[in-house]
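Below is one structure, written out as structure tokens; comments come after it.
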Amino acid sequence: MEALTKERIQRHAKGEELNDLFQPMLEDWKGNEAAITTADRIAEVEQAVGAGTDGPAVSISMTLYYLVRYPHTFSQLRAELDSVLSPDVEVAPWSKVKNLPYLRACIDEAMRLAPPVATELIRRTPPDASIIIDGEVIPPDTNVSIAAYTAHRDPCVFPDPTTFNPSRWLARGSDSLRDMRSIFIPFSAGTRGCIGRNLSILMQAMCIATIVYHYDFALKQPKWDMEFEEWFNLWPLRLPLKVWRRDAASFPRAPVKML
């Protein structure tokens with residue numbers, strides 16, 4: 001990332017205008033040099049590339065894995081997609097899939113079980129005051145954190161917590177859904193929450209909708225379990241799948257319009 005960042009800085013210095021998100025790190029809106037150091041530019045690029053690709057890629061892989069691992073969820077999602085998409089559409093448009101409740105439930109449930117950032121995101125209490133967290137007095141200048149992986153498996157909030165069950169997110173207006181939403185932190189929360197959360201959901205929804213609608217899948221073994229490597233991200237190591245194009249005869253017929 002450092003080499004790429006410096007290369008773009010050099011291109012800008014030679015007069016090239018970069019029509020992308022890097023340009024505001026070089027010039028402000030008045031055309032003056034942006035008040036940002038090279039080190040900060042490199043850090044921003046690393047954050048944008050890492051968070052913009054690694055996180056959604058992990059989530060898309062895990063959503064597909066769980067859908068294939070639990071075939072009834074795959075069938076239910078396919079039926080929902082059949083109601084809004086047609087075979088001539090190669091990429092599912094956001095306008096068609098953004099309000100599909102079961103699709104969003106599948107994405108949320110996969111991020112619950114396998115949050116891309118599963119480790120603790122550390123916060124620090126104020127340097128001059130104690131605070132109370134869940135009834136406990138925390139001294140000043142103390143690191144506090146919670147792991148999404150652990151919070152998302154609390155059986156008091158998520159019954160049968162290790163099972164992939166997207167339908168749990170469809171209980172609209174219920175106390176259980178409010179409790180789940182209050183604990184659900186795949187993007188962290190508060191002022192330090194992921195700035196790209198909405199873009200991530202868009203990417204996941206369009207990608208999952210497209211591949212589930214157009215393709216069929218099978219695991220190497222019906223009960224094959226995903227293996228992970230834990231760093232800052234929760235990395236799925238491999239996903240061996242048999243993939244084939246959906247049989248044209250399985251697409252629903254277009255409704256006949258009555259004259």
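Read-outs: derived from the displayed coordinates by stated rules, not from any lab. From a predicted model like this one, the values you see are computed outputs, not experimental measurements. Backbone-built Cβ (ideal geometry, glycine too); neighbour counts: all protein chains shown.
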Only helices counted: for the chain, with every DSSP H run of 4 or more residues adding -39500 (n - 2.57) and the sum spread over all residues, [θ] at 222 nm is -11500 deg cm²/dmol
Determine, for each peptide in 54-61, 135-142, the mean count of other beta carbons within 10 angstrom over its residues, then list the peptides with the highest first. 54-61, 135-142
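According to the Cα gyration tensor, what semi-axes, each the square root of 5 times an eigenvalue, does the equivalent ellipsoid of region 1-123 have, listed from largest to smallest in whole Å? Walk me through the numbers before you get to the answer.
Numbers: eigenvalues 310, 78, 28 Å².
They are 39, 20, 12 Å, listed from largest to smallest.
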Ascending count of other beta-carbon atoms within 10 Å, so fewest first, for C106, C156, C194: C156, C194, C106
Placing +1 at every Lys and Arg Cβ and -1 at every Asp and Glu Cβ, with all other atoms neutral, what dipole size does region 59-194 have around its Cα centre, in debye to the nearest 20? 240
As straight-line cross-link partners of K242, the qualifying lysines (C-alpha separation under 19 Å, not fewer than 8 residues apart within one chain) are K220, K223
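So what's Rg/Rh here for region 57-246, counting alpha carbon atoms and using the Kirkwood radius for Rh?
Numbers: Rg = 18.4 Å, Rh = 18.1 Å.
Reported Rg/Rh, Kirkwood definition of Rh: 1.02.
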Take each of the peptides 93-104, 123-134, 168-179, average the number of other beta-carbon atoms within 10 Å over its residues, and list them starting from the highest. 93-104, 168-179, 123-134
